[in-house]
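Working notes, beginning with the structure itself.
Each value in this text was obtained by applying a stated rule to the coordinates, not by laboratory testing. Treat the numbers as computed from the prediction; the structure is a model and nothing was measured. For neighbour counting, all protein chains shown are included, and Cβ atoms are generated from backbone atoms with ideal geometry for every residue, glycine included.
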Amino acid sequence: MRRLLLAAAVLMPAAASAQSSQFGVNGLGLPGRQTSARAAGSGGAFAFFDGNSSVSPAALLEQGTLTASFTTLQNYRTSSNAAGSLSGRDTRFPQVAIAGPLRRIPLALGISFSTFTDRDFSVASSDVVNLRGVPVAVADTLTSEGGLSDLRVAGAYRFSGWTVGAGLHLITGANRTQVRRTFEDSAYAPIRERAEIAYGGIGASLGITRPITPALSVAAAVRVNGDARIDRDSTEVADVDIPLTLGGAVRWRPSPRLDLAASAAARRWSAADDDLRALGGTGARNTIELSAGAELAHNARRPQQRPVRLGVRYATLPFPVEAGSQPREIGIALGSGVRFAQDRLGLDHAGVDVALERVWRRASGGYSEGAWLVSFGVLVRP
Amino acid sequence: MTGRIAGTLVALSLAACGEKLTAPGDCPGLCPSDNLVVVDTVIEARLDSTYTGFVEAGEGQRLLVSTGAAGGRRIGIARFTRREDSVSVRDTLFPYVVDSVILGVTVQGRDRAAAGLALEIFQLPATVAVDSTTTFAEVNAALTPTRLIATVPLADTLTNGSVRVFLSGADLARIVFGPADDNVLRLAYRLTSAQPTGILLASSGQGLAGPSFVTWLRVARPDTTVVRSLPRIVQFDSFVDETPLGTPSPDVTTVGGSPSSRALLRFDLPPRIRDSSQIIRATLQLVPLAPIVALAGDSAQLDVRGIFSDLGPKSPRISTSTSLLLTEELTPGATDTVFVEVTPIARLWHAENRPPTAFFLAVGREAGTFTFAQFGSSRSPAGRPTLRITYVLPYPFEAQ
């Protein structure tokens, strides 16, 4: 069975990550959420307590045993703006994580690979340009595949009721970009240009989790990043500040079957504003992300066996479509999961989680987008 | 249960493979147009050279015959192989009697507006060598009425077709071989018309369409008479020009004529264009210094090609693809600037092997056309060759 699950995970198409969107065209792209399918099912509210997500390194000790998780994301969206509406779809691998505790000491280690920003998009437009004094109709296509990824190596240690985690982040990734233009006048040769935009940077994160009462826990995390170096076809063209992130969450379990959580995070993307404007872009603005969710267990002894997860989420997006504006995103989520391959000790050796999110994005200037996000997570505990 | 779950996983994996990323590009926020900067510039030729002698008169596919149009009077000439005194019938040589003679040429072009044309065919004396040293003066001096074999009226509708002269009986006396002729027929083809014009005759380079000379013989044998043909092939054919062009001025960009001239135009492409831009349109602009010489009805065509390397007159021309063989029709008598779209060649300049930023100019059907053009050169005070380039700057992907 485990082999089958691993084979299925391998068969799933591997691409950069996160959801493609017209709001990922500018700046560094659409920020990824670095959450597992389980956390996504409750709007991301449990991400600070989820060892399979990469939000807080302190959450690693939530894993009772070594766990490998793979998450896919299928995105169906309709993008609208003044030029019209188009529907699109894509598949991503937003989160891969392996983590587990060590024996005898309350220490867990983990490594994860997740989406930092997604720059998968294709934009088609038509225009009339003046060439040699004559108006000529043109059709343009701008395409990007890739984005920034976040490789995290982290550990978490528990002492005196506190769980403290620390992580080292390597930001990497590349965009394979292409622009094409065809002219109505065949005297003009089509334009086709490609470039690979590569990114590199480092960061560090620190997280804590503290149970206040047996039913109430709080968590907080901070992440600092250095500049991300931007190379165009192996030549450095710029450095861009990657934001400081501060976040926290609270989790309350009023009954053995009900788990509630709420989280908030703020990111100082405006640090990249000058860098992006200097490159000719539309800049960047600070963002906040708020979410709240619930997990209702079907069986209190096996809370991850067919639970019902619900969540809502609100976020602002960092990269304006038009300078001066700030896109926003609202989403609701529904999810569940199953666990199986249980051994005699009651440990589930495998499981799947599914989350369905409906997301609305909007920005001034008539830009809007509605998307269905289907997350599918596979857990394997060898 | 686990099997169903695994099957579901695989099905979902396969179903999720499709990608459709495109979103509408609204300007200016999501419009590539704002970042695609198109620039238009004009570059003067840095250096040009004209080389003459690529194709001599008669080495082309057609012979030029004219009465003063398109550069002066021209007379076609042809020399055939020797007609033997006897023929072999079943391994035995027999004397023969000439039954008839057919002389032929093929018309391959004319000015359709010119009417009342006639082609005169003369037999040239042995004193006219009919080779590459033959001059117009010596041929013209030999075109006396006594040497006229036939005058063939060319129908006004004839633009492409064969012309035949059939001689028999007393007319056979119009072809006379003296001792000096050694049975070698030398012919001259002269055009007559009421107004200056010209025609194009197929040369021997086109095989059977070239000038022909066929003798029909009767061989008397003891028991019968054999009738057979004796065709003679062309040993040399060409045309002589009353006013040869001579060596073109080095300060003029010259193409065409006979012997044919070609011109090499070199441009200095700014590094900004060559290294990091894309040429989307390139137009070569040539200013005629004199009306373009060509015959109406002839395909007056300017050929432009790139070169693999600049070796002067021996520069190898790029002809690896028909899309790189660029042509522009020239209008007889025109003095307007000639524009040639050379984008496919100019785009080669971005290639890794970096071909020279130059164009090799020639006329189509060299030495087989009346076309002759002189354009301003890089040394001309005015009318220098220019290249108008429209290019796009590198797209700022990192700024999007």
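Taking the Cβ of each residue in B:Phe359, A:Phe159 as the centre, tally the other Cβ atoms inside 10 Å and list the residues starting with the fewest.
If I rank by nearby Cβ atoms, fewest first, I get A:Phe159, B:Phe359.
In units of 2.2 N^0.38 Å, what is the alpha-carbon radius of gyration of chain A?
1.03
Hey, fewest Cβ within 10 Å first, where do B:His350, A:His298, A:His169 land in order?
Neighbour counts put them in this order, fewest first: A:His298, B:His350, A:His169.
Just from its helices, what would the mean residue ellipticity at 222 nm be for chain A, if runs of 4 or more DSSP H residues each count -39500 (n - 2.57) and the sum is divided by every residue, rounded to the nearest 500 deg cm²/dmol?
Calculated at 222 nm, the ellipticity per residue is -1500 deg cm²/dmol.
Read phi for every residue in the range B:122-131 and hand back ³J(HN,Hα) as whole Hz from Karplus 6.51 cos²θ - 1.76 cosθ + 1.60, θ = phi - 60°, with x for Gly and Pro.
10, 9, 8, x, 5, 5, 8, 5, 6, 9
If you keep only loop residues by DSSP, which chymotrypsin sites (Phe, Trp or Tyr not before Pro) in the range B:125-188 have at most 16 other Cβ atoms within 10 Å of their Cβ?
B:Phe177
Expressed as an acute angle from 0 to 90° and rounded to the nearest 10, what is the orientation of the C-alpha long axis of helix B:2-15 relative to the principal long axis of chain B?
50 degrees
Taking square-rooted eigenvalues a ≥ b ≥ c of the alpha carbon gyration tensor, is the range B:73-241 rounded, prolate or oblate, where a/c under 1.5 means rounded and, failing that, a/b exceeding b/c means prolate?
The shape class here is prolate.
With θ taken as phi - 60° and the coefficients 6.51, -1.76 and 1.60, list the Karplus ³J(HN,Hα) couplings across the range B:150-157 in order, rounded to whole Hz; mark glycine and proline as x.
Couplings: 7, 10, 10, x, 9, 4, 5, 8 Hz.
Please give the helix A:2-11 orientation as an angle from the longest Cα principal axis of chain A, in degrees from 0 to 90, rounded to the nearest 10.
So the inclination is approximately 10 degrees.
May I ask for the Kirkwood hydrodynamic radius of the range A:189-247, worked out over all distinct Cα pairs and given in angstroms to one decimal?
14.7 Å
Counting pairs of alpha carbon atoms under 8 Å apart in space and at least six apart in sequence, what relative contact order in percent does the range A:39-157 give?
23 percent
In the range B:339-400, which GluC sites (Glu not before Pro) are in a loop and have at most 13 other Cβ atoms within 10 Å, using DSSP for the loop call?
Those satisfying the criteria are B:Glu352.
Using the Cα atoms of chain B, I'd like the radius of gyration and the largest Cα-Cα distance, Dmax, both in angstrom.
Taking only Cα atoms of chain B, I get Rg and Dmax of 30.8, 113 Å.
Any idea what the relative contact order of chain B is, in percent, if you count C-alpha pairs under 8 Å spaced at least 6 apart?
Relative contact order comes out at 26 percent.
Placing +1 at every Lys and Arg Cβ and -1 at every Asp and Glu Cβ, with all other atoms neutral, what dipole size does the protein assembly as shown have around its Cα centre, in debye to the nearest 20?
3400 debye
Taking just the alpha carbons, could you work out the radius of gyration and Dmax for the range B:37-93, both in angstroms?
Cα-based Rg and Dmax for the range B:37-93 come out at 25.4, 84 Å.
Under a Cβ-only charge scheme (Lys and Arg +1, Asp and Glu -1), can you give me the dipole magnitude of the range B:73-241 about the Cα centre, in debye to the nearest 20?
Using only the charged Cβ atoms, the result is roughly 200 debye.
For B:Asp111, enumerate residues with amide H under 5 Å from its amide H, sequence gap 5+ or separate chain, H modeled in the peptide plane.
For B:Asp111, whose amide H was placed from the backbone, the distant partners under 5 Å are B:Gly198.
Expressed as cubic angstrom per residue, what is the convex hull volume of the alpha carbon set of the protein assembly as shown?
238 Å³
Name the residues whose placed amide hydrogens come within less than 5 Å of the amide hydrogen of B:Leu117, ignoring near sequence neighbours (fewer than 5 apart) on the same chain.
Amide H to amide H, under 5 Å and 5 or more residues apart or across chains, B:Leu117 pairs with B:Leu154.
Are there GluC sites (Glu not before Pro) in the range B:69-168 that DSSP puts in a loop and that have at most 16 other Cβ atoms within 10 Å, and which ones?
In loop regions of the range B:69-168 (DSSP not H, G, I, E or B), the sparsely surrounded GluC sites (Glu not before Pro) are B:Glu84.
Could you give each residue of the range A:326-336 its phi-based ³J(HN,Hα) in whole Hz, using Karplus coefficients 6.51, -1.76, 1.60 with θ = phi - 60°, and x for Gly or Pro?
So the Karplus estimates, Gly and Pro as x, are 9, x, 10, 9, 10, x, 10, 9, 9, x, 7 Hz.
Which whole-number percent is the relative contact order of the range B:73-241 (Cα, under 8 Å, 6+ apart)?
It rounds to 43 percent for the range B:73-241.
Would you mind ranking A:Ser336, A:Ser263 by Cβ crowding within 10 Å, fewest neighbours first?
Sorted ascending by nearby Cβ count, the order is A:Ser336, A:Ser263.
Among B:Ile102, A:Ala271, B:Leu284, which residue has its Cα furthest toward the positive end of the charge dipole of the protein assembly as shown, with +1 on Lys/Arg Cβ and -1 on Asp/Glu Cβ?
Positive-most Cα among the choices belongs to A:Ala271.
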